[in-house]
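Q: Structure below; questions to follow.
The values are calculated or read from the model by the stated rules, or taken from the named source; none is laboratory data. The structure displayed is predicted, hence computed values, not measured ones. Ideal geometry is used to build each Cβ from the backbone, glycine not excepted, and the neighbour counts take in all protein chains shown. Accessible surface areas use protein heavy atoms only, side chains included; no ligands, DNA or RNA. Shrake-Rupley method; radii C 1.70, N 1.55, O 1.52, S 1.80 Å.
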Amino acid sequence: MLGCRGLLFIALLLVACKSPNADPDNSDLFEIKTLVSLMEYDLKELEKEIILLADYSQQLLDLAETNSNLELGYTFFNNIANDAPNADPGKSTIWISNISPDIKAAKKLVALTNPIDMQFKKLMERNEVIEQVYFNSPLQVNRLYPPFDAATMFEADLDVTTFNFFYMADSIHNPTKGPVWLSDIYIDPVGKGWMISLLHPVYHKDVLQFVLGIDLTVNVIIDNYLNKSSKNLIIVDETGTVVAGKSQAIEALYLPPLKNHTYLQTITSDSYRMEDFNLFKSKSQSVRRMASNFILEKNDRYTIKDGMVSIQVFGTKMAMLPWYVLELKIQ
């Protein structure tokens, strides 16, 4: 899905470049806004997917009242079922924490939601950019597809409700009970690297039963958007921290050297510190002023002048996420 939109993005950029009378500054803004529009189109499509998945989940919960003879369908060992590497690839891995308030109710939820495995599988087949899909329950149940090595990745007494991919969808943080994006990138606890997540709560009789999640990796953003443009692009969040970017753009802003000249390898290294890649903490005063220009003052262009170096920067803010997409023209 996202790959096709990326091709459309390239086509629109070619159209923009063919306009002989176009103002170069406005042309740059048009290209960035085009990229943002396509990114947000794709994010909206994923929102539609998780809404459908939530509706399906709701139907399963409603049917539970008329079907009391549900089969567990899984064999558990130490509260884990279908654990990788010897897992059934058509099923999710199920993990129940040792701190579950009701193991019997937790396993009933597992039996009730078994049909959702097929929906998880179909969802990933339709959207190849999705890294994983799952739900987490207040009963301390994690159901995740594709299967993973839960015994290695999860501590036996982990509390899933303490993670932002659960509580950011609860009634306090998400009173509308609709889809919600986690704007901060975070390290995935099952070892898939740096993620952004789309969440949706599922209620039954006004009680939160579980939170659905769809995860995308930072690599998806880089490969499907930034790398499809020849421009020096960078994405930063509302705190000024780099979410994704091309190496030349990142290094031009006087941020730390990248590992093997790639941002992805840098953020997955043991030495990565997110605060090192915050524009407001750049060693260059001009870069700090530039960050303020876009994030605090809401402007759409800025020129960095530092000695003999001059960098024109164009940017726009996304609507669905508190992120800013910037292009650097290094002269």
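Q: Within the set of pairs 6 or more residues apart or between chains, which connect a residue that is over 30 Å from residue 182 (Cα atoms) inside segment 304-331 to a residue that is open to solvent by less than 10 Å² (accessible area, probe 1.4 Å) and among the small types (Gly, Ala, Ser) with Cβ atoms less than 7 Å apart?
A: Matching pairs, first to second residue: 306/284.
Q: Determine whether segment 69-83 contains at least one residue that is within 24 Å of the chain's Cα centre (by Cα) and farther than 27 Å from residue 205 by Cβ.
A: No, there is no match, as no residue in segment 69-83 is within 24 Å of the chain's Cα centre (by Cα) and farther than 27 Å from residue 205 by Cβ.
Q: In segment 101-113, what count of residues is obtained for those that are surrounded by fewer than 21 Cβ atoms within 10 Å (Cβ to Cβ) and within 15 Å of residue 143 (Cα to Cα)?
A: Of the residues in that region, 6 qualify.
Q: Same structure, new question: With respect to residue 229, determine if the residue is crowded, with 18+ Cβ neighbours inside 10 Å, modelled with pLDDT under 90, closer than 20 Å to residue 43 by Cα and not charged (D, E, K, R).
A: For residue 229, the condition - crowded, with 18+ Cβ neighbours inside 10 Å, modelled with pLDDT under 90, closer than 20 Å to residue 43 by Cα and not charged (D, E, K, R) - is met.
Q: Given the structure, is residue 220 within 27 Å of residue 132 (Cα to Cα), open to solvent by less than 30 Å² (accessible area, probe 1.4 Å) and not in a loop (DSSP other than H, G, I, E, B)?
A: Answer is yes for this residue.
Q: Which residues, taken from segment 96-140, are among the β-branched types (Val, Ile, Thr), more than 26 Å from residue 47 (Cα to Cα) and in a helix (DSSP H, G or I)?
A: Hit for segment 96-140 is 103, nothing else.
Q: A further question follows. Of the residues that make up segment 76-97, is at least one open to solvent by 70 Å² or more (accessible area, probe 1.4 Å) and aromatic (Phe, Trp, Tyr)?
A: There is at least one residue in segment 76-97 that is open to solvent by 70 Å² or more (accessible area, probe 1.4 Å) and aromatic (Phe, Trp, Tyr).
Q: So residue 190 fits all but one of (1) open to solvent by 40 Å² or more (accessible area, probe 1.4 Å); (2) in a loop (DSSP other than H, G, I, E, B); (3) modelled with pLDDT under 90; what number is the exception?
A: Of (1) open to solvent by 40 Å² or more (accessible area, probe 1.4 Å); (2) in a loop (DSSP other than H, G, I, E, B); (3) modelled with pLDDT under 90, only one is false for residue 190: (1).
Q: Continuing with this model, one more query. Being open to solvent by 20 Å² or more (accessible area, probe 1.4 Å) and under 20 Å from residue 148 (Cα atoms) is the filter here, so list the residues in segment 194-217 that pass it.
A: Passing the criteria: only 194.
Q: How many residues are assigned to a helix (DSSP H, G or I) and touching a residue at least 24 places away in the same chain (Cβ under 8 Å) if we restrict to segment 145-163?
A: Total meeting the criteria: 5.
Let's see how each residue does on (1) free of Cβ contacts under 8 Å to residues at least 40 places away in the same chain; (2) at negative phi; (3) more than 14 Å from the chain's Cα centre (by Cα):
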| residue | (1), (2), (3) |
| --- | --- |
| 192 | no, yes, no |
| 200 | no, yes, no |
| 213 | no, yes, no |
| 229 | no, yes, yes |
| 238 | no, yes, yes |
| 246 | yes, yes, yes |
| 250 | yes, yes, yes |
| 257 | yes, yes, yes |
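Q: Out of segment 156-187, which residues are among the hydrophobic types (A, V, I, L, M, F, W, C) and open to solvent by less than 70 Å² (accessible area, probe 1.4 Å)?
A: 156, 158, 160, 163, 165, 166, 168, 169, 180, 181, 182, 185
Q: Quick one: in segment 131-142, of everything that is open to solvent by less than 10 Å² (accessible area, probe 1.4 Å) and in contact (Cβ under 8 Å) with a residue 60 or more places away in the chain, which residue is farthest from residue 202 (Cα to Cα)?
A: The residue in question is 132.
Q: Here's a follow-up. Could you say which residue among 44, 91, 48 is without any contact (Cβ under 8 Å) to a residue 60 or more places away in the chain and within 17 Å of the chain's Cα centre (by Cα)?
A: 48
Q: Could you please find all residues in segment 120-130 being surrounded by fewer than 18 Cβ atoms within 10 Å (Cβ to Cβ) and either in contact (Cβ under 8 Å) with a residue 60 or more places away in the chain or in contact with a Ser or Thr (Cβ under 8 Å, 6 or more places away or on another chain) (or both)?
A: 126, 127, 128
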